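Contents: one structure, followed by commentary.
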Amino acid sequence: NWIDTFGQDGIGPWRQLWTDPPAADTGWYNGNPPALAAVGDNLFLAYGNRGTGEGTAKIVQVTRSKDGGVSWDYVWTIASSSNQDLGYPRLFTRDDGKLVCVYYIASGKNQPCRIESCIFDPAGMM
């Protein structure tokens, strides 16, 4: 229920990069891969946080790294829902520099899932 980051210097082995993980707690349910996008010298990581169990808020959060993924600062909530489930975000950079986060959301048990998106300006986060 957390996210690790790994990197490689040249041809050496992969190693863990962080002193603090980019997301120390992603909620009760596991199996929710994050999305990563580079904007200038910054990395943005979007992930679903599924709360502490059924009936708790589910949110999509974004965090930023200014040092290539070694450390992560600030966490922004870009979408929130009290619905059944959400997650599996994907990040895309638009021509104007804004980021688009696309994710799925399930409204309730035995109800259709849908795809939602959020557009935000990472310049306001740097």
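The values are calculated or read from the model by the stated rules, or taken from the named source; none is laboratory data. Every value quoted in this text rests on a predicted model; they were computed, and no experiment measured them. Note that we place each Cβ from the backbone using ideal geometry, even for glycine, and neighbour counts take in every protein chain shown.
Each residue in segment 58-72 was checked for being closer than 17 Å to Pro122 by Cα and within 13 Å of the chain's Cα centre (by Cα), and 7 pass. State whether one or more residues within segment 75-82 are over 14 Å from Leu43 (Cα atoms), of a type outside the set (Gly, Ala, Ser) and more than 13 Å from the chain's Cα centre (by Cα). No, segment 75-82 has no match at all.
If only residues of segment 97-123 that are hydroxyl-bearing (Ser, Thr, Tyr) and touching a strand residue (DSSP E or B) at 6+ places or on another chain (Cβ under 7 Å) are counted, the one that is farthest from Asp85 (Cα to Cα) is Ser117. From the list Leu86, Leu91, Leu99, the one residue that fits, being under 21 Å from Trp2 (Cα atoms), at pLDDT 75 or above and touching a Leu at 6+ places or on another chain (Cβ under 7 Å), is Leu91.
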